[in-house]
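Q: Below you'll find the structure I mean.
The values are calculated or read from the model by the stated rules, or taken from the named source; none is laboratory data. On a predicted model such as this, the values are computed, not experimentally measured, just so you know. No Cβ is skipped: glycine too gets one built from the backbone with ideal geometry, and neighbour counts run over all protein chains shown.
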Amino acid sequence: MLSTVGTYHVVDSHTLGQTTRVIFSGGPKLAGTSVREKREDFKARFEHLKGIWLTEPRGTVSAFGLLLVPSQVADFGAIFMGTTTYEDMCGHGTIGLAATLVALGTLQAGRDDGFTLEVPAGVVSVKVLWNEDGSFSGAKLYNIPSYVYGDPLLVDTTFGQVTVDLVHSGMIYALIDAGKLSLTLEPDNLPTIINTGVTLKDEIFAAFSTREDLTSQGLHGVLFYEEEPDHDGSCSSKHVLVVGPQRYDRSPCGTGTAARLTHLVQQGRIKEGGAYRAFNLHGSNFTARPAKMADGKITAEVEGTAHIMAFSNLVVEKTDPFVSGFRSRFWK
């Protein structure tokens, strides 16, 4: 007989390589009206649960979690969390949630077209795509409106002067042409990609540290992209998001794809009816289109799919020496 301090029901999925662990039972009751307020209460009182849900030995270095919470303004609420961070919005996690809700029978073909989701950044909508046999095909996410922060920045960095475009698409991204750094976006080059991204993130943030509009939200990550020729009003590129040491997005990054789409629309390279295909390091892609353009902001439609990997009960025994988990570091 087990002597436990907690049991948590979770569903694990991956969205084109990046995992999402949805905690749908066993989570705490949170104070607050909005999802943002609930997240702040979670951070203040239940931070230790992240260690249980996401870090080793029950999780992994790259684990990502989504805590389902009630919402007063949408069908569901979601608190997004990495092992060391929280995110205001997450595209891959939202698509992973869609796959999870279908797997649990909460959403069904012929009855449910989609759902709305309150996240800390606001409310997004999701259209579920069905196969003819009623199984899950994928989802279209209609993201928080995105916009470019003015002109590109010229930043003096360890790697020389770098041109940086800042885009807000639920969080702030620094977009950088990898070719200008002679940075090859290939799996074998991943340690260099991550170390370069971490260094640039710190140096870019320092460059705009006097801008209150930016520092109040912080810089979520550096999105490296490789340019490819445009074709019939559409674009495609490989890109990699670096968030921090050991932290990069295995998926093509949903909100990062929305940011890059917004950047391309501002440049005039994608117009209404055009599309952007964003590939990850492993050859899978999201497809993004401008669903709405108004007042200098873009509502991006981001299409992708996710796959269920496990239905699990996470158990914490009283005698477990790693109740709060631990984090391993492999790269500087």
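Q: Has the stretch 180-195 got any residue that is more than 24 Å from G283 (Cα to Cα), aliphatic (A, V, I, L, M) and touching a residue at least 24 places away in the same chain (Cβ under 8 Å)?
A: No, because not a single residue in the stretch 180-195 is more than 24 Å from G283 (Cα to Cα), aliphatic (A, V, I, L, M) and touching a residue at least 24 places away in the same chain (Cβ under 8 Å).
Q: Given the residues E317, E272, which is the only one that is free of Cβ contacts under 8 Å to residues at least 40 places away in the same chain and of a type in the set (D, E)?
A: Sole residue among the options that is free of Cβ contacts under 8 Å to residues at least 40 places away in the same chain and of a type in the set (D, E): E272.
Q: Next up: Would you say G59 is crowded, with 18+ Cβ neighbours inside 10 Å, touching a strand residue (DSSP E or B) at 6+ places or on another chain (Cβ under 9 Å) and assigned by TED's automatic domain parsing to the domain that holds F115?
A: yes
Yes/no per residue for (1) in contact with a Gly (Cβ under 9 Å, 6 or more places away or on another chain); (2) farther than 22 Å from Y147 by Cα; (3) crowded, with 20+ Cβ neighbours inside 10 Å; (4) of a type in the set (S, T, N, Q):
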| residue | (1), (2), (3), (4) |
| --- | --- |
| D249 | yes, no, yes, no |
| T255 | yes, no, yes, yes |
| A259 | yes, no, yes, no |
| T262 | no, no, yes, yes |
| Q267 | no, no, no, yes |
| H282 | yes, yes, no, no |
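Q: Give the residue, chosen from F115, F76, F136, F80, that is in the same structural domain as L30 (by TED's automatic domain parsing) and in contact with a Cys (Cβ under 6 Å, 6 or more places away or on another chain).
A: F80 is the lone residue from the list that is in the same structural domain as L30 (by TED's automatic domain parsing) and in contact with a Cys (Cβ under 6 Å, 6 or more places away or on another chain).
Q: Only residues that are under 18 Å from K180 (Cβ atoms) and assigned to a strand (DSSP E or B): list them for the stretch 222-254, please.
A: Scanning the stretch 222-254 gives V222, L223, F224, Y225, E226, C235, S237, K238, H239, V240, L241, V242.
Q: For the stretch 26-42, name all the residues that are surrounded by 13 or more Cβ atoms within 10 Å (Cβ to Cβ) and in contact (Cβ under 8 Å) with a residue 12 or more places away in the chain.
A: Passing the criteria: G26, G27, P28, L30, S34, V35, R36, K38, R39, F42.
Q: State which residue is nearest to E227 (Cα to Cα) when the search covers only the stretch 146-155 and only residues that are surrounded by fewer than 22 Cβ atoms within 10 Å (Cβ to Cβ) and either modelled with pLDDT of 95 or more or not acidic (D, E) (or both).
A: Out of the qualifying residues, it is P152.
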